[in-house]
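All remarks here apply to the structure that follows.
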Amino acid sequence: MSSSGRGIVIVGDSIAGCTAARELRARGHGGPLTMIGADADGCYARPPLSKHVLKGEAAEAETWDLSDLDITTIGDRAVSVDTESRTVSTAGGTHVPYDSLIVASGAAARRIAGPDQAGETVLRTFDDVRALRPKLEAASTAIIIGAGFLGMEVASACVSRGIEVTVVDVDPPLKRLLGSFLSDAISARAEDASVRFVRTESPVSLSGRPVTGVEFAGRTLEADLVVTCAGDVPETAWLAGAGIADDRGVAIDERCATACSGVFAAGDVAYSRTGPGRAPFWSNAVAQGKVAAASALGIEPACAPTDDYFWTEILGLSIKVVGPLPLDGKPTVLEGSVQQGSALLQWNHRDGRTTVVAFGIKKPVGLLRRLTRGSVAATNQGIHS
Ligand SMILES: Cc1cc2nc3c(=O)[nH]c(=O)nc-3n(C[C@H](O)[C@H](O)[C@H](O)COP(=O)(O)OP(=O)(O)OC[C@H]3O[C@@H](n4cnc5c(N)ncnc54)[C@H](O)[C@@H]3O)c2cc1C
């Protein structure tokens, strides 16, 4: 860091930003550290929102305490950055100078409602959950748009509340992410739980003002509750004109450096211009937060800027994945049985890499990581670590 005393500014106070802050202090940054966050609920974890908080198993979001880090926090939205004067400006009119900037502004839920269409329901923030919970309590029927992991987690919350649920997508559940084998297994489990899938070849739009259903291919489906789980959009509006972001997000290299000197990025806002592109998952946000912090200090990162561990929970089934995605073809079954909802599976990719999936079976992530590196002996009778 330069000796100007401007210090490091982080925009975004979720997992990527908070990890970067903790790493900066852990790696010896004793200078000024400012974190700008737009969410009135502060720093909290998103994964439990669609699992425990939505189901009512937990009332509140899981929050983090950063009070030991001596950070100046600004609860406001960054609206612009001037890379010449190295200043971030907020909606409230605060101008915050920086030597290094870490962009960790994440993503927002992708919305599909028309401009004059009120009442679209999405799930990205704790506030979204607060709005969604009473609707779940009142609903007997629901339509979920999108059969990705988020759509399937919301469908699971509906099932646990006895709501009749229809999931609409162009693809079968989680097929783009996990491939046909696991998609078929998840479909079978969902259909056993009376989840109805509707495939559409054309894009869906929302019907009603306010929203009451979906329209696609000349059909209209209506329900008490319609939830859009159609992916996310990197939060880059505040970077407009700065030469830091494009329409895919913020391009980063192996050190999480952007095209702009002194500006680094981490998490859902970023995509790797050399590696796997955009991978908007928790473990990546953690890894990139650490790498961006080290790079802002000009020191060697302690980890790689990608981490291919991902997990989800669908209809009471925990699915943990370590390794590259998507998954083509059939796996080797290392333990258990997919039909019985408890199996350890391994995919060997053509490029020599391996993906291991714990499908409804309790396995520590460390073991899955070791299996992908081939450092654990696996037979179809079991795993010998
Ligand atoms: C409901 C849900 C469940 C999930 N479950 C899983 C899971 O099971 N497994 C998994 O691997 N991943 C899961 N994810 C994905 C994971 O949560 C994200 O990858 C992770 O939150 C990304 O962290 P981030 O810090 O990059 O961005 P975000 O979490 O999007 O946080 C960005 C923060 O920046 C703030 N911000 C944005 N713009 C500005 C601005 N202009 N000024 C100031 N602040 C700004 C936002 O308010 C936000 O707090 C889930 C996501 C959701 C929404």
Matching residues, the stretch 86-111, being of a type outside the set (S, T, Y) and open to solvent by less than 40 Å² (accessible area, probe 1.4 Å):
V88, V96, D99, L101, I102, V103, A104, G106, A107, A108, A109
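Any idea which residue in the stretch 61-70 is farthest from the ligand (Cβ to nearest atom), counting only those that are closer than 26 Å to V129 by Cβ and of a type in the set (A, V, I, L, M)?
Taking the stretch 61-70 as the starting set, the residues that turn out to be closer than 26 Å to V129 by Cβ are 61-67.
With of a type in the set (A, V, I, L, M) added as a condition, the list becomes 61, 66.
Numbers: A61: 10, L66: 13 Å.
In this case the residue turns out to be L66.
Could you pull out every one of the strands (runs of 3 or more DSSP E) wholly within the stretch 304-372 that has 3 or more residues that are over 27 Å from V159 (Cα atoms), among the β-branched types (V, I, T) and at pLDDT 95 or above?
On the way: elements: 309-314, 317-322, 332-337, 342-348, 354-359.
Output list reads 354-359.
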Filtered residue count, the stretch 204-233, keeping only those that are part of a strand (DSSP E or B), open to solvent by less than 80 Å² (accessible area, probe 1.4 Å), within 21 Å of L132 (Cβ to Cβ) and away from the ligand (no atom under 15 Å from the Cβ)
8
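Taking the residues in the stretch 73-85 that are within 14 Å of the ligand (Cβ to nearest atom) and among the hydroxyl-bearing types (S, T, Y) as candidates, determine which candidate is surrounded by the most Cβ atoms within 10 Å (Cβ to Cβ). Outline the logic, then answer.
Our first condition is that a residue be within 14 Å of the ligand (Cβ to nearest atom); within the stretch 73-85, this holds for 73-81.
Then keep just the ones that are among the hydroxyl-bearing types (S, T, Y); that gives 73, 80.
Values: T73: 18, S80: 16.
Ranking the qualifying residues of the stretch 73-85, first place goes to T73.
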Say whether the condition of being in contact (Cβ under 8 Å) with a residue 60 or more places away in the chain, more than 8 Å from the ligand (Cβ to nearest atom) and within 28 Å of D307 (Cα to Cα) is met by at least one residue in the stretch 30-38.
yes
Could you tell me which numbered condition G336 fails, if it satisfies all but one of (1) open to solvent by 40 Å² or more (accessible area, probe 1.4 Å); (2) in contact with a strand residue (DSSP E or B) (Cβ under 7 Å, 6 or more places away or on another chain); (3) within 16 Å of the ligand (Cβ to nearest atom)?
(3)
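I'd like to check something: does the stretch 24-37 contain any residue that is part of a loop (DSSP other than H, G, I, E, B), within 19 Å of R77 (Cα to Cα) and touching a Lys or Arg at 6+ places or on another chain (Cβ under 8 Å)?
no
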Note on G30: of the conditions (1) at pLDDT below 95; (2) open to solvent by 70 Å² or more (accessible area, probe 1.4 Å); (3) of a type in the set (G, A, S), unmet is (1)
What number of residues in the stretch 143-196 are open to solvent by 10 Å² or more (accessible area, probe 1.4 Å), in contact with a Phe, Trp or Tyr (Cβ under 9 Å, 6 or more places away or on another chain) and within 16 Å of the ligand (Cβ to nearest atom)?
2
Checked pairs for the stretch 126-146, first of a type in the set (D, E, K, R), second assigned to a helix (DSSP H, G or I) and within 16 Å of the ligand (Cβ to nearest atom), C-beta under 9 Å and 6 or more apart or across chains, list as D128/L49; R133/V53; R133/L54
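Please determine whether any residue of the stretch 99-120 is over 30 Å from P32 (Cβ atoms), within 12 Å of the ligand (Cβ to nearest atom) and out of contact with any helix residue (DSSP H, G or I) (no Cβ under 6 Å at 6 or more places or on another chain). So that I can check it myself, show each step before the final result.
Initially, the stretch 99-120 is screened for residues over 30 Å from P32 (Cβ atoms), giving 109-120.
Still in the running and within 12 Å of the ligand (Cβ to nearest atom): 109-110.
Of the ones still in play, those that are also out of contact with any helix residue (DSSP H, G or I) (no Cβ under 6 Å at 6 or more places or on another chain) are 109-110.
Yes: one or more hits.
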Among (1) in contact with a strand residue (DSSP E or B) (Cβ under 8 Å, 6 or more places away or on another chain); (2) within 23 Å of R124 (Cα to Cα) - the single one I244 does not satisfy:
(2)
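The values are calculated or read from the model by the stated rules, or taken from the named source; none is laboratory data. For clarity, every value in this text was computed on a predicted model and none was experimentally measured. Using ideal geometry, Cβ is built from the backbone for each residue, glycine included, and neighbour counts are taken over all protein chains shown. Heads up: the accessible areas ignore ligands, DNA and RNA and are worked out on the full protein's heavy atoms, side chains in. Shrake-Rupley method; radii C 1.70, N 1.55, O 1.52, S 1.80 Å.
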